[in-house]
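Beneath this line is the structure, given in structure tokens, with notes to follow.
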Amino acid sequence: MRIHESATNIKAIFKRELSGYFSSPVAYVFIVIFLLLLGFFTFYVSNFFEMGQADLRSFFSWHPWVYLLMIPALAMRLWAEERRLGTIELILTFPVSITDAIIGKFLAAWVFVGVSLFFTFPMVLTVIYLGEPDIGAILCAYVGSFLMAGAFLSVGVMTSSLTKSQVISFIVAVVICLFFVLAGFPPVTNAMSDWAPLWLINLISKTSFLFHFISIERGVLDLRDVLYYVSVIFFMLFLNGLVIRNRSAS
């Protein structure tokens with residue numbers, strides 16, 4: 001009975017949040033900027049056509065860096081705006097648990113990111129037109145990218161609950177996400193090899209979004225990589241719940 005009630009609440013919040021995205025011009029601006037950035041980096045910075053390869057490695061290699069800026073911007077309003085307007089207290093008076101509200105908001109934002117990712121399908125059509133790409137590897141990379149986007153988003157949702165200021169939420173989320181990216185960035189790990197033992201470098205690398213995305217991007221969907229992203233999402237949403245409960249109690 002409780003599970004059914006919880007699912008109903010999550011569904012109601014999910015629909016409210018998702019319709020809120022598409023009733024606002026900000027959502028369409030987000031999608032356009034997202035596509036423009038990925039297109040710019042892929043075609044002009046990575047010289048996609050000059051590479052002469054019918055694959056999307058250069059396209060997916062930019063996803064962590066585009067997410068680093070775009071997803072904290074998407075997530076910064078989720079709780080910060082509710083706190084600024086005072087509507088968070090109103091939500092907490094409804095017969096909806098904090099967990100239901102967090103999951104509903106997160107899933108709506110994650111689906112919205114998934115829709116944005118879907119609109120990159122012309123890239124797939126382009127490589128199919130140019131050659132005979134490995135479709136399985138491309139689909140695997142999309143799954144990895146979507147999971148990684150969820151991890152970025154969970155960090156942004158958590159920082160949004162910490163403050164009324166969307167700007168502060170954005171900056172804190174970018175800093176945390178930057179750590180999760182740079183921890184597995186080859187130039188950084190190479191620099192660490194001059195002074196840090198190998199076991200420490202490996203340990204820090206395995207906390208990185210980049211480390212787990214690289215193997216998926218190559219077409220290897222390892223369960224350990226999937227569990228890593230699910231664990232990050234679960235942990236950040238758990239912290240989100242602790243922050244909301246602490247503030248509602250005080």
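The values are calculated or read from the model by the stated rules, or taken from the named source; none is laboratory data. Nothing here was measured: the structure is a model prediction, and the numbers come from that model. Every residue, glycine as well, gets a Cβ built from its backbone with ideal geometry; the counts of neighbours run over all protein chains shown. Surface areas here come from the heavy atoms of the whole protein model, side chains and all, with no ligands, DNA or RNA. Shrake-Rupley method; radii C 1.70, N 1.55, O 1.52, S 1.80 Å.
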Practice problem: For the stretch 32-53, state whether one or more residues are of a type in the set (Asp, Glu) and not in a helix (DSSP H, G or I). | Solution: no
Quiz item: Looking at the stretch 162-178, which of the residues that are surrounded by fewer than 23 Cβ atoms within 10 Å (Cβ to Cβ) and of a type in the set (Ser, Thr, Tyr) is farthest from LEU223 (Cα to Cα)?
Solution: SER165
Quiz item: Which numbered condition trips up TRP195, out of (1) more than 27 Å from VAL226 (Cα to Cα); (2) modelled with pLDDT of 85 or more; (3) open to solvent by 60 Å² or more (accessible area, probe 1.4 Å)?
Solution: (2)
Quiz prompt | Residue tally, condition closer than 24 Å to THR87 by Cα, out of contact with any Gly (no Cβ under 9 Å at 6 or more places or on another chain) and among the small types (Gly, Ala, Ser), over the stretch 2-45 | solution = 6
Self-check item: Scope the stretch 11-50; condition aliphatic (A, V, I, L, M) and modelled with pLDDT under 90; matching residues
Solution: ALA12, ILE13, LEU18, VAL26, ALA27, VAL45
Practice problem: Check off (1) part of a helix (DSSP H, G or I); (2) among the β-branched types (Val, Ile, Thr); (3) in contact with a Phe, Trp or Tyr (Cβ under 8 Å, 6 or more places away or on another chain) for VAL188 and give me the number that stays unchecked. | Solution: (3)
Practice problem: Kindly indicate whether ARG247 is of a type in the set (Lys, Arg), surrounded by 13 or more Cβ atoms within 10 Å (Cβ to Cβ) and assigned to a helix (DSSP H, G or I). | Solution: yes
Quiz prompt | the stretch 85-102, residues that are surrounded by fewer than 20 Cβ atoms within 10 Å (Cβ to Cβ) and modelled with pLDDT of 75 or more | solution = VAL96, SER97, ILE98, THR99
Practice problem: Of all residues in the stretch 193-223, count the ones that are of a type outside the set (A, V, I, L, M, F, W, C), in a helix (DSSP H, G or I) and within 18 Å of the chain's Cα centre (by Cα). | Solution: 3
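Restricting to the stretch 129-149, what's the tally of residues that are assigned to a helix (DSSP H, G or I), touching a residue at least 40 places away in the same chain (Cβ under 8 Å) and surrounded by fewer than 20 Cβ atoms within 10 Å (Cβ to Cβ)?
The total comes to 5.
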